[in-house]
1. Which entry in (1) 27, 62, 11; (2) 23, 47, 25, 5, 0; (3) 25, 58, 16, 0 is this structure's computed P(r) over Cα pairs in 20 Å bins from 0, in percent?
2. Going toward the positive end of the dipole of the chain, with +1 on Lys and Arg Cβ and -1 on Asp and Glu Cβ, which of Thr155, Ile261, Val242 do you reach last?
3. Near the amide H of Asn250, under 5 Å away, which other amide H atoms are found, from residues 5 or more places off or on another chain, if H is placed in the peptide plane?
4. Rounded to the nearest Å, what's the spacing between the alpha carbon centres of the stretch 143-188 and the stretch 319-377? Just the number, please.
5. Mind pulling the angle between the C-alpha long axis of helix 331-341 and the longest principal axis of the chain? Nearest 10 degrees, somewhere in 0 to 90.
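Derivation of every value follows stated rules applied to the coordinates shown; laboratory data play no part. Note that the coordinates shown come from a computational prediction; the quantities given were computed from them, not determined experimentally. Here the Cβ positions follow ideal geometry from the backbone for every residue, glycine too, while neighbour counts run over all protein chains shown.
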Amino acid sequence: MSSTLENDPRVVADRTGVRGVLAVYRRRLWSGDIGQLPVIVSLIVIAAIFEVATDGNFLRPFNLVNLTLQMAAGGTITVGLVLVLLLGEIDLSAGVMSGMCASIMAVASVNAGLPAPLAIGAALLAGAGIGALQGAWITYFGVPSFIVTLAGLSTWGGGLLLVLGRTGTINLRDPLITGIAATFFTGPAAYAWLAAFIAYVAIAPLVIHRRRAAAGLAVPPIAFVAVRAVVVSAAAVAAVIVLDLDRGVNLSLVCLLGAVIAMDFVLRRMRFGRMMFALGGNAEAARRAGIPIHRVRIAVFALTSMFAAWGGILGASRLFAVNQSAGQGQVLLNAIAAAVIGGVSLFGGRGSMWAALLGAMVIQSISNGMDLLSLSSGIKFMVTGGVLLVTATVDSVLRRKQAASAR
């Protein structure tokens, strides 16, 4: 117990102040607990490389707005995959699930003539229901999630073809559906969304710090919280200023950030989120602690598929259509790569929504930069696969290093 307390920055802050906390963070960095540092550095390096390689076109406002549009759908699928990865499980059907649920929405809207809210709701319910079915199969039959979702990859891919029918393509006409990706916020509206974002990621932590300190709980120095709030706020303000120079902040990006914030709140502030971390860290210990592991696992798989469905809807809104290639290709690979690059452990029990958002930015920046350079699809597949392999290897090495340091 004493060694654990000695490595807790909050406890050290109470005893030795800022200097002691810096020493603890240096020890954590040396032991392999490097947090989100690699993904932030990677994002900066990738932006610099492509900015030079594309003769200054990568960081132009026009391309950055396109980048946010491209990131929204895949990033939303990544949000769901983070949840299931935190359990130490995997969902290989998330990609085709997004396509099939988008096709359900398209058929309900165009062929059946349902209002857009009902069509979208039907797609989300279908995703949640299928996810719950897969989670129950994994839980009650003891079949590994890899096998069940691999079967789902084939099954729901076939479902996509059946739902679309012989035409293979359905063009979306409802303005509410197509308007998700076609709506941009500029000027005061964009800065209003910015204010809401800063209130959650910057101001709220300061308020929580004050309340914890008033209650006598261990807290890090206020300087650390304040500096982090300033850095995050400055980055967000800079991003909105640049986006506002072109078309502005897209509604699909707002939807993605809303999903990230909602799930971040669940993971860090709600009992369900704590149960997820406990289950991913040690399922047997979680069971003995009285956590309803069956219900948690089923609920997580339902949420994963529902976010996949929402990602498919965002993708369909951007393309104004759903076709047989929806959810195919690199969709699943990119989503998994984004989660792992963002620091979500493939072994469960470690990760955050914000790191996954950064990972989505990294993987989409790579894809966008290669598109600007007109590289072939073969090279894009190879680069993405290589990045995923390297990141997973780093995660495994750091995990073993942390285990060795704990002995």
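1. Computed from the coordinates, P(r) over Cα pairs in 20 Å bins from 0, in percent corresponds to (3).
2. The residue sitting farthest along the positive end of the dipole is Ile261.
3. It is Phe185, by chain and number.
4. 16
5. Its long axis makes an angle of about 10 degrees.
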